[in-house]
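**Student:** Next up is a structure, given as structure tokens.
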């Protein structure tokens, strides 16, 4: 049978496509069919304390902020998924604690999903609570004031529109907060 693939170009192509299809089904279709917890919101639990938190649907203000995030194209440069790479868990970490890898149950309320594909800017999957409102305002006005060498353009119209600014900060503060993984949950005042 293997010699048939050596001598028949069509058979080799068909066999390759068949194996590719099987691999695709096993890695993309089968997991959510076999593990139904992926469609349930993430729930923190500590055996000693019981549930400690649960992913909540977005509030109207957070949805408005998410719409601003999409409108301004933030997700073209910023991803929202901590991959399994050690560099990702370190980069998204908090005060020496590596962040957990993103799991499907964290995104059940996202439509559309804003995972992103290009990491021109830093990943924002665990940014919620790391920076206060003033930091975000300064960052939108001129990112280079806080991050020298940043290539992010300024967004002064967001910083000056109080309603949109409060909304996008409310949305950003939700990112990565469902999982209770940081030793201190918020920025220091």
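**Student:** Tell me which of these residue 51 doesn't satisfy, since it passes every other one: (1) out of contact with any strand residue (DSSP E or B) (no Cβ under 6 Å at 6 or more places or on another chain); (2) at pLDDT below 80.
**Tutor:** It is condition (1) that residue 51 fails.
**Student:** Quick check, is residue 129 in a loop (DSSP other than H, G, I, E, B) and free of Cβ contacts under 8 Å to residues at least 60 places away in the same chain? Talk me through it step by step, then tell me what you get.
**Tutor:** Numbers: in a loop (DSSP other than H, G, I, E, B): yes; free of Cβ contacts under 8 Å to residues at least 60 places away in the same chain: yes.
So residue 129 passes the test.
**Student:** Next question. Among the residues of segment 74-95, count how many are more than 30 Å from residue 29 (Cβ to Cβ), modelled with pLDDT of 85 or more and loosely packed, with under 15 Cβ neighbours inside 10 Å.
**Tutor:** The number of residues fulfilling the criteria is 1.
**Student:** Within segment 114-153, take every residue that is surrounded by fewer than 19 Cβ atoms within 10 Å (Cβ to Cβ), touching a helix residue (DSSP H, G or I) at 6+ places or on another chain (Cβ under 6 Å) and at pLDDT 90 or above and give me the one that is nearest to residue 76 (Cα to Cα).
**Tutor:** Once the filter is applied, the top-ranked residue is 152.
**Student:** Is it true that some residue in segment 158-174 is assigned to a loop (DSSP other than H, G, I, E, B), touching a helix residue (DSSP H, G or I) at 6+ places or on another chain (Cβ under 8 Å) and either buried (at least 19 other Cβ atoms within 10 Å of the Cβ) or at pLDDT 95 or above (or both)?
**Tutor:** At the first step, the residues of segment 158-174 found to be assigned to a loop (DSSP other than H, G, I, E, B) are 161, 173-174.
Remaining after also requiring touching a helix residue (DSSP H, G or I) at 6+ places or on another chain (Cβ under 8 Å): 174.
Add one more test, that the residue is either buried (at least 19 other Cβ atoms within 10 Å of the Cβ) or at pLDDT 95 or above (or both), and what stays is 174.
Yes, segment 158-174 contains at least one residue that is assigned to a loop (DSSP other than H, G, I, E, B), touching a helix residue (DSSP H, G or I) at 6+ places or on another chain (Cβ under 8 Å) and either buried (at least 19 other Cβ atoms within 10 Å of the Cβ) or at pLDDT 95 or above (or both).
**Student:** May I pose another question? On the given criteria, is residue 113 assigned by TED's automatic domain parsing to the domain that holds residue 66, closer than 24 Å to residue 59 by Cβ and not in a helix (DSSP H, G or I)? So that I can check it myself, show each step before the final result.
**Tutor:** Numbers: assigned by TED's automatic domain parsing to the domain that holds residue 66: yes; closer than 24 Å to residue 59 by Cβ: yes; not in a helix (DSSP H, G or I): yes.
Yes: the conditions hold for residue 113.
The values are calculated or read from the model by the stated rules, or taken from the named source; none is laboratory data. What you see is a predicted model, and the numbers here were worked out from it, not measured in a lab. Methodologically, a virtual Cβ is constructed for each residue, glycine included, from the backbone with ideal geometry; neighbour enumeration extends over all protein chains shown.
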